[in-house]
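Asker: So that we are looking at the same thing, I have put the structure below in structure tokens.
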Amino acid sequence: MLDFEVFTQQLITGLSNGMIIALIAIGYTMVYGIIELINFAHGDVFMLGAFLALTLLGALGMEAWGPSGQVFGVALMLIGSAVFCGGLNWSLDRLAYRSLRKSSKLSLLVSAIGCSFVCMNLGLFWGGAPMEVFSNGNSAAAPKHFPAIIPQINLLGDGFLRITPADLLVFTVTIPLMVGLTIMVKRTRLGRAMRAVAQDPTAASLMGIPVDRVIGATFFIGGALGGFASVIYSLYNNTIGFQMGTRAGLDAFTAAVLGGIGSLPGAVLGGLTIGCVRSMSDQYLETRWTNTIVFCILVLILIFRPNGLLGKTRKEKV
Amino acid sequence: MSDFLLDVRNLHSSYGQIEVLGGVSLHVTEGEIVSLIGANGAGKSTTLMSISQVVQPRSGDVRFAGESILGLRPDEVIRRGLVQVPEGRRVFPRMTVLENLMMGAYLRNDTAGVEHDLGKVYELFSVLKERGSQIAGTLSGGEQQMLAIGRALLSKPRLLMMDEPSMGIAPILVSRIFAAIRQLNSEGLTVLLVEQNARAALGLSARGYVLETGAIQFEGPSSELLSDPRIQSAYLGD
């Protein structure tokens, strides 16, 4: 029997997680849109963003800060991880991908898988330091507790349904970012250049658009969104580990494909769908089936609707 | 020597190991229409891409308005007024007509000048004004060619290089496009016209070059090329 309150609660959780997945999915979809690369390192860049946030939190002793100090702390982690992940993603493009622009797509893809391993092992090495604060004698590979520095109260009072400040944080961070990104792509000079490079890089260079710099900027923006996502993910789920990028990355990649890879609204729709599917599966099936279901969605979409829900079926006159 | 607006000297270019241009030399004087004709695969497009510095030439020199532009970035070449309309139009298919035109003005900051030039493009091709909000990928081939030319004009060219503007276009539109080229030239624009349609190109230009397997085989006034029996049999279908 379907309990309406339980269902609603799972919907709230699903939408919150879905917004985080969507933010990561945008990073996949933007990079794919511009150079047709699935940047497999993106999930691991996201993971390193969470590690940086934990490091900042521990090193600055944010847990001891008062409520208003912690608001500042959250903002600091958001900005720090966004700049860090953006810079890291930009560096991957500069060091590993740019010299392969004219090679086959497969070389680029294998290079991205390599970058994923490198980043994941950097995370293992780093361990979400400072270890003396968080390891509790565990190895660097063990999942780390990410302290809940935002209050875990129910904003709806004493009822069964819970909406926490963490839920609120998810939406107040993700929605403005998505709106801002959409406006940026549609209206600004950089956004127009990004669309031009995505549609025809040679023609774009004949307009005087610096193609490599525009691609670099795309990597930075995609990475920065992953950085924002990593901080709200950590504050929302309170556990991080060096392998978290793989699962979050696969959820987000599935979301991007589901929505139609290359499409920004598609990534958001796909993210929300995957988030809700996950929470419903956790509730009504069993947690251990959840990953299987997500993978089945990925496989079914690739077979039956490879352009995704909002993807472009290319119909252009030549 | 430096009377030439564009002076290409002994240009060599290759893709990987394959040499495509084996020493191309040509020049264009300000105010001229010059045509560059040749068969498919002769290296016409590579010549233009090497002049635009989208393809890096291996050796030789490209001088524009008296200065070497070899090794400059493509955007620096455009800023100097050397602009290309690429083969196959290459409009941005999922942008509107107006967005496409404004991409041509990407490097410009003079809003008033851009507005003025946009008005002139609309005078030349009124269909672009009527279809301003249409998605460019849904235009016909001829309309896309007009859009590609209009977009290049918004880059404020001193010399416009056009790569096969007649390719795959209805004959009635070809004559309209060639009439537009003549009009632009009479208003002071210098044109380097690359064409497979040799008769039409030589009919428009004062001088011409014939490119064969990466090198210039013939050059001279268009009237002489048109009456040369070797060129007639190879390129004019007589």
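Asker: Would you mind calculating the relative contact order of region A:239-315 from Cα pairs under 8 angstrom and at least 6 residues apart, reporting the percent as a whole number?
Answerer: This gives 35 percent for region A:239-315.
Asker: Once you order the gyration tensor axes a ≥ b ≥ c over the Cα atoms, which shape class does region A:1-135 get: rounded for a/c under 1.5, otherwise prolate or oblate by comparing a/b with b/c?
Answerer: In terms of gyration-tensor shape, oblate.
Asker: Where does the protein assembly as shown land on the Kirkwood hydrodynamic radius, alpha-carbon pairs, in angstrom?
Answerer: 26.4
Asker: What list of ³J(HN,Hα) values in whole Hz, one per residue of region A:179-185 in order, does the Karplus curve 6.51 cos²θ - 1.76 cosθ + 1.60 (θ = phi - 60°) give from phi, with Gly and Pro shown as x?
Answerer: So the J values, rounded to whole Hz, are 5, x, 5, 4, 5, 4, 5.
Asker: Sticking with this one: Where does each of A:Ile79, A:Ile163, B:Ile181 land when they are ordered by accessible area, with a 1.4 Å probe and the largest first?
Answerer: A:Ile79, A:Ile163, B:Ile181
Asker: Another question about this same structure. Which FRET efficiency, nearest 0.05, do A:Ala141 and B:Asp61 yield, Cβ-Cβ r, R0 56 Å?
Answerer: Working: r = 60 Å, r/R0 = 1.06.
The formula returns an efficiency of 0.40 here.
Asker: List the accessible area buried at the contact between B and A, summed over both sides and calculated with a 1.4 Å probe, in Å² to the nearest 100.
Answerer: Using a 1.4 Å probe, the pair buries roughly 2300 Å².
Asker: Report, largest value first, the span of the C-alpha coordinates of region B:4-235 along each principal axis, in whole Å.
Answerer: 46, 38, 33
Asker: Can you say what percent of the DSSP beta bridges in region B:58-215, counting only those with both residues inside, are antiparallel? Round to 5.
Answerer: So the antiparallel bridges in region B:58-215 amount to around 30 percent.
Asker: Further, regarding this structure: Taking amide H positions as placed 1.01 Å from N in the peptide plane, with prolines and chain starts having none, which residues 5 or more places from B:Leu36, or on another chain, fall under 5 Å of its amide H?
Answerer: B:Leu193, B:Val194, B:Glu195, B:Tyr209
Asker: Counting Lys +1, Arg +1, Asp -1, Glu -1, what net charge surrounds B:Gln53 among other residues with beta carbon under 10 Å of its beta carbon?
Answerer: Around B:Gln53, the charge tally is -1.
Asker: Here is a further query. How long are the semi-axes of the equivalent ellipsoid of region A:62-110, defined as square roots of 5 times the Cα gyration tensor eigenvalues? Whole Å, largest first. Intermediate results must be reported in sequence, preceding the final value.
Answerer: Working: eigenvalues 307, 13, 8 Å².
Equivalent ellipsoid of region A:62-110: 39, 8, 6 Å, largest first.
Asker: Multiply the residue separation of A:Phe117 and A:Ile293 by 0.36 nm, subtract the distance between their alpha-carbon atoms, and state the gained length in nm to one decimal.
Answerer: Length difference between fully extended and current span is 60.8 nm.
Asker: Would you mind checking which residues have amide H under 5 Å from B:Gly220's amide H? H placed 1.01 Å from N; only 5 or more apart, or other chain.
Answerer: B:Gly208
Asker: Given the options B:Ser155, B:Ser175, B:Ser25, state which has the largest fluctuation in a GNM of chain B using a 10 Å cut-off (strictly under) for Cα springs.
Answerer: Result for chain B, Cα springs under 10 Å: B:Ser175 fluctuates most.
Asker: Please compute the modelled spin-label separation between B:Asn109 and B:Gln134, points set 7 Å along Cα→Cβ, answer in nm with one decimal.
Answerer: The modelled label-to-label distance comes out at 3.6 nm.
Asker: Now for a different question. Which ³J(HN,Hα) values in Hz, rounded to whole numbers, follow from the phi angles of region A:67-73 under the Karplus curve 6.51 cos²θ - 1.76 cosθ + 1.60, where θ = phi - 60° and Gly and Pro get x?
Answerer: After applying 6.51 cos²θ - 1.76 cosθ + 1.60, I find x, 6, x, 6, 4, 4, x Hz.
Asker: Accessible area per residue of region A:4-304 at 1.4 Å probe, in Å²?
Answerer: Values: 12560 Å² over 301 residues.
Value returned for region A:4-304: 42 Å² of accessible area per residue.
Asker: So if each residue of separation counts as 0.36 nm, and I subtract the Cα-Cα distance between B:Leu236 and B:Asp3, what length gain in nm does that give?
Answerer: Computed gain between B:Leu236 and B:Asp3 is 80.7 nm.
Asker: Order the following by accessible area, largest value first: B:Met167, B:Met146, A:Met120. Probe radius 1.4 Å; ligands, DNA and RNA are ignored.
Answerer: Values: B:Met167 65, B:Met146 0, A:Met120 30 Å².
Result, largest first: B:Met167, A:Met120, B:Met146.
Asker: Find the centroid of the Cα atoms in region B:190-210 and in region B:94-121, then give the distance between the two in whole Å.
Answerer: 28
Asker: Over all Cα pairs of chain A, how is the pair count split among 10 Å bins, expressed in % and running from 0 up to the last occupied bin?
Answerer: Over chain A, the share of Cα pairs per 10 Å bin runs 6, 26, 34, 23, 8, 2, 0 percent.
Asker: Next question, about the same structure. Which order do A:Trp289, A:Trp126 take by accessible area at a 1.4 Å probe, largest first?
Answerer: Of A:Trp289, A:Trp126, the descending order of accessible area is A:Trp289, A:Trp126.
Asker: Then there's this: Taking springs between alpha-carbon atoms closer than 10 angstrom, which of A:Leu124, A:Leu48, A:Leu15 fluctuates most in the Gaussian network model of chain A?
Answerer: A:Leu124
Asker: Also, quick follow-up: In the structure displayed, which of A:Lys186/B:Lys120; A:Lys144/A:Lys186; A:Lys102/B:Lys120; A:Lys105/B:Lys120 lie more than 31 Å apart, Cα to Cα?
Answerer: A:Lys144/A:Lys186; A:Lys102/B:Lys120; A:Lys105/B:Lys120, as the Cα separations exceed 31 Å there.
Asker: Using only Cα atoms, find the angle between the long axis of helix B:171-186 and the longest principal axis of chain B, and express it within 0 to 90 degrees, rounded to the nearest 10.
Answerer: Computed tilt is about 90 degrees.
Asker: Heavy-atom accessible area of B:His116 with all protein chains present, probe 1.4 Å, nearest 10 Å²?
Answerer: 110
Asker: Got the relative contact order for chain A handy, in percent, Cα pairs under 8 Å and 6 or more residues apart?
Answerer: Worked out over chain A, it gives 36 percent.
Asker: Rounded to the nearest 0.05, what FRET efficiency do B:Arg199 and A:Lys105 have when you use their Cβ-Cβ distance and R0 = 30 Å?
Answerer: It comes to 0.10.
Asker: Of A:Leu52, A:Leu225, A:Leu122, which is the most mobile in a GNM of chain A whose springs link Cα atoms less than 10 angstrom apart?
Answerer: Maximum fluctuation in the GNM of chain A, among the listed residues, is at A:Leu122.
Asker: Just how large is the dipole of region A:4-304 about the Cα centre, in debye to the nearest 20, putting +1 at every Lys and Arg Cβ and -1 at every Asp and Glu Cβ?
Answerer: That gives a dipole near 1000 debye.
Asker: Sticking with this one: How large is the charge dipole for the protein assembly as shown, taken about the Cα centre, if only the Cβ atoms of Lys, Arg (+1) and Asp, Glu (-1) carry charge, to the nearest 20 debye? Display every interim value, and only then the final one.
Answerer: On the way: 43 positive and 41 negative charges, 55 e Å.
For the protein assembly as shown, the charge dipole is close to 260 debye.
Asker: If I ignore ligands, DNA and RNA and count only protein heavy atoms, how much of B:Arg158 is accessible to a 1.4 Å probe, in Å² to the nearest 10?
Answerer: Accessible surface of B:Arg158 is approximately 100 Å².
Asker: In whole Hz, what ³J(HN,Hα) sequence does region A:265-273 give by Karplus (6.51, -1.76, 1.60; θ = phi - 60°), x for Gly and Pro?
Answerer: Each residue's phi maps through the Karplus curve to give x, x, 5, 5, 4, x, x, 4, 5 Hz.
The values are calculated or read from the model by the stated rules, or taken from the named source; none is laboratory data. As the structure is a computational prediction, the values presented were derived from the model and not from experiment. Quick reminder, even Gly has a Cβ in these numbers, built from the backbone with ideal geometry, and neighbours come from all protein chains shown. Accessible surface areas use protein heavy atoms only, side chains included; no ligands, DNA or RNA. Shrake-Rupley method; radii C 1.70, N 1.55, O 1.52, S 1.80 Å.
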